[in-house]
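Comments concern the structure below.
The values are calculated or read from the model by the stated rules, or taken from the named source; none is laboratory data. All of these numbers come straight from a predicted model, not from anything done at the bench. Neighbour counts run over all protein chains shown; Cβ positions are idealised from the backbone, glycine included.
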Amino acid sequence: MNIKDRSQLLDLARKSIEYYLEYKKHYIINNQINSVFMEERAVFVTLHKDGDLRGCIGHMQARMPLYKAVIEMSIASAFEDPRFPSIQKEELNKIEIEISILSPMERIIDYKQIRLGIDGVLIKKGFRSGVYLPQVATDTDWDRETFLRSLCSSKARLPADAYKDPDVEIYIYQVEKFNE
């Protein structure tokens with residue numbers, strides 16, 4: 001994705017949040033859409049305020065065209081992340097938007113294949129699952145085992161060492177990440 005495409009998606013994310021704040025409706029694009037934005041892609045939108053996490057929601061699997069996923073995940077991150085109150089109009093100018101576009105997932109057998117800072121990880125057992133974007137490892141400065149123990153216990157609500165269990169499914173993916 002080129003710089004112009006990235007800029008347009010970031011602008012779309014911001015307009016979507018602003019529009020929802022004003023009208024309580026999803027933003028609708030009235031002009032022709034770039035063919036790259038029509039591809040179905042999995043997306044996360046992360047919001048930061050003064051350098052701190054302020055919202056992050058996304059889809060692990062491609063469910064809709066990229067442009068629509070950016071609109072929906074921007075609104076969800078701003079208004080539906082249960083960890084945070086909804087974004088208010090007066091804080092919008094302090095919000096920095098980050099978009100992460102995910103590659104398709106690949107199942108791995110050996111957790112030692114995970115490349116910290118490059119691979120995002122989805123761990124799953126039964127109805128429990130958890131996911132970390134690749135930047136979690138670099139943002140926290142964790143080693144592979146600390147990363148996986150946190151993913152298992154904090155996100156998937158599994159035992160911390162569940163990643164060693166042969167019945168646990170581990171998937172990796174990569175991210176194209178860009179921000180304002």
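Tell me whether the stretch 13-36 contains one or more residues that are within 19 Å of ASP139 (Cβ to Cβ), out of contact with any Lys or Arg (no Cβ under 7 Å at 6 or more places or on another chain) and in contact (Cβ under 8 Å) with a residue 60 or more places away in the chain. Checking the stretch 13-36: not a single residue is within 19 Å of ASP139 (Cβ to Cβ), out of contact with any Lys or Arg (no Cβ under 7 Å at 6 or more places or on another chain) and in contact (Cβ under 8 Å) with a residue 60 or more places away in the chain. Is it true that some residue in the stretch 127-138 is surrounded by fewer than 19 Cβ atoms within 10 Å (Cβ to Cβ), under 29 Å from VAL36 (Cβ atoms), of a type outside the set (Phe, Trp, Tyr) and touching a residue at least 24 places away in the same chain (Cβ under 8 Å)? Yes, the stretch 127-138 has at least one match. Cβ-Cβ distances below 7 Å connect the following pairs, each with a first residue in the stretch 39-55 that is over 17 Å from TYR132 (Cβ atoms), a second residue that is among the small types (Gly, Ala, Ser), and a separation of six or more residues or different chains: GLU40/ALA62; ARG41/ALA62; ARG41/ALA69; LEU47/GLY55; LEU47/SER77; LEU47/ALA78.
Scanning the stretch 122-149 for residues being within 20 Å of PRO104 (Cβ to Cβ) and either assigned to a loop (DSSP other than H, G, I, E, B) or in contact with a helix residue (DSSP H, G or I) (Cβ under 6 Å, 6 or more places away or on another chain) (or both) gives a total of 5. Considering the stretch 1-36, the residues that are modelled with pLDDT under 90 and assigned to a helix (DSSP H, G or I) include one that is farthest from the chain's Cα centre (by Cα), namely SER35. Of the strands (runs of 3 or more DSSP E) lying entirely inside the stretch 39-109, those containing at least 3 residues that are out of contact with any strand residue (DSSP E or B) (no Cβ under 6 Å at 6 or more places or on another chain) are 52-58.
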